[in-house]
Amino acid sequence: MFYNTLKRPFSHVGICIGHGRFVHASKSGAQVRLEPIRGAYWTLRFDRVRWIEPGS
């Protein structure tokens, strides 16, 4: 999942794990966090999502 957190596209990336959640780290070296995809902060900054097919 790609987000615009620094006023430019794709400035933040997270990985969708299902059940409306994704994992990400707020910055390099930070602890990995679990967040709701539909949280107000992330919804406003969402750019797009790319799906990876199993076996590709």
| query | Roughly how big is the chain's charge dipole about its Cα centre, with Cβ charges of +1 (Lys, Arg) and -1 (Asp, Glu), in debye to the nearest 20? | reply | 220
| task | Would you mind checking which residues have amide H under 5 Å from Thr5's amide H? H placed 1.01 Å from N; only 5 or more apart, or other chain. | result | Ser11, His12
| Rule-of-thumb Rg ratio for the chain [Cα; 2.2 N^0.38 Å; N residues] | 1.13
| Over the chain, what relative contact order in percent results from Cα pairs under 8 Å that are six or more residues apart? | 34
| message | Using only DSSP helix segments of four residues or longer, with each worth -39500 (n - 2.57), what per-residue ellipticity at 222 nm results for the chain after dividing by its residue count and rounding to 500? | response | -2500 deg cm²/dmol
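Rule-based calculations on the coordinates, nothing more; no lab input. Fair warning: this is a prediction, and the values are worked out from it, not measured in the lab. Quick reminder, even Gly has a Cβ in these numbers, built from the backbone with ideal geometry, and neighbours come from all protein chains shown.
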